[in-house]
Amino acid sequence: MLRYLSSLRVGTLAAAAFFGAMGTLGAAELPKSPEVAETGKLAIANTLEYAPFEFIDENGKQVGINIELAEETARLLGAELDVTRMPFPSMVPGLAAGRFKVAWETFAATDDRLKQVDFVMFIKSGIVASTTADKAAQFQGENNLCGKRVGVIGGAVSDFIADRLSVECKEKGLPEIAKSIFPEGKDIIQAALSDRVDARLDDATASGYFEVTSKGQMVVVPGLYDVAPLGIAVPKGDKETAEMLRAALQELIRNGTYKTIMAKYGMTSAMIEEAYVVDAADKIRQ
């Protein structure tokens, strides 16, 4: 169970500012992609809302793990952060078409994606199902998703896992999963709360975070699927952008800013010790 460490908020924000300021001293030493060097901007694509990775806080400010790590990366590079919002399923095609250079999200490096893009890994997680508290008793034991109405984000890992689990249900003589596709995690939550789906199949970190912040409106049920590293997507073969992000993230890990941000959202269990580039399946570290 993830726990939101609200008591650390003030101290961790101060620490982030301190370490961020220290990081700017070494900006000239970090590699920069041609785009960042020329424009002075770190331009990223980011999805609309997916707590705790990106969301609007009570003051109307865009915050979250992805946004705050991107801000600190831009600071290290001596660049301005420029964020373009778009639905998650549009990101990989947009990179492949050359419309932008960085999709700062939590992508799993699937075989299909690796044909189009490369990744810079910076976090790890798995996939879980969550449901409303009144339905939790219906999701106990093995094969607990068979016959259920399950919501997923289109093109996300959970989308493919739902298909795989549905086939397994059929092979065992059990009812298949009734999958519904949504553009964002918040849409699945609303569908579950209004009884249009029985469960949300999504990233363990986001699901656990929502269980805590929603005070148990939705709860995580037994079952953890496909524990894997997750990362930022860049165009296939764009070694300059990949190395720039890897080096900056590794500096954030080294100087403590990474841990500060992850702890702020109760996500230290999802940390990795080293940022690294994946341009082929055999480079994924389990």
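The values are calculated or read from the model by the stated rules, or taken from the named source; none is laboratory data. Computed from a predicted structure; not experimentally measured. Every residue, glycine among them, receives a Cβ derived from its backbone with ideal geometry; neighbour counts consider all protein chains shown. Ligands, DNA and RNA are stripped out before the accessible areas are found, and what is left, the full protein with its side chains, is counted by its heavy atoms. Shrake-Rupley method; radii C 1.70, N 1.55, O 1.52, S 1.80 Å.
Quick notes
- Translational diffusion coefficient (Stokes-Einstein; Kirkwood radius from C-alpha pairs) of segment 56-186 at 20 °C, 1.002 mPa s, in µm²/s: 123
- Selection from ALA191, ALA156, SER207, by position along the positive dipole direction of segment 149-211 (Cβ): ALA191
- Antiparallel DSSP beta bridges within the chain, as percent of all bridges there, nearest 5: 65
- When +1 charges are put on Lys and Arg Cβ atoms and -1 charges on Asp and Glu Cβ atoms, the dipole computed for the chain relative to its Cα centre reaches about 320 debye.
- GNM remark for the chain: springs join alpha carbons under 10 Å apart, and the peak mean-square fluctuation among ALA109, ALA137, ALA204 falls on ALA137.
- If only the Cβ of Lys and Arg carry +1 and only the Cβ of Asp and Glu carry -1, the dipole of segment 23-180 around its Cα centre is close to 420 debye.
- Residue of GLY231, GLY266, GLY147 that the Gaussian network model of the chain assigns the largest fluctuation, springs spanning Cα pairs under 10 Å: GLY147
- Histogrammed with a bin width of 10 Å, the alpha carbon distances of segment 62-101 distribute as 26, 45, 29, 0 percent, first bin at zero.
- Heavy-atom accessible surface of segment 69-202, averaged per residue, reaches 41 Å², computed with a 1.4 Å probe.
- Dipole moment magnitude, nearest 20 debye, segment 133-269 about Cα centre, only Lys, Arg, Asp, Glu C-beta charged: 240
- Here segment 131-223 is treated as an ellipsoid with the same Cα gyration tensor; its semi-axes, largest first and in whole Å, are 20, 15, 11.
- Cα Rg over Rh - segment 137-286, Kirkwood: 1.02
- Set LYS148/LYS215; LYS124/LYS259; LYS135/LYS215 screened for pairs whose C-alpha atoms are more than 18 Å apart: LYS148/LYS215
- Centroid-to-centroid separation of segment 130-144 and segment 58-116 [C-alpha atoms, Å]: 33
- Viscosity 1.002 mPa s, temperature 20 °C, Stokes-Einstein D of segment 244-283 from Kirkwood C-alpha radius, µm²/s: 195
- Taking the empirical scaling 2.2 N^0.38 Å for compact globular proteins as reference, segment 104-175 has a Cα radius of gyration ratio of 1.32.
- Of all accessible heavy-atom area on the chain, the percent that carbon and sulfur account for (1.4 Å): 54
- Tail beyond 33 Å, pair distance distribution of the chain (Cα, percent): 22
- Comparing ARG164, ARG149, ARG113 in a Gaussian network model of the chain where C-alpha atoms under 10 Å apart are linked, the largest mean-square fluctuation is found at ARG164.
- Spherically averaged projected area of the convex hull of Cα atoms, segment 159-203: 3.2 nm².
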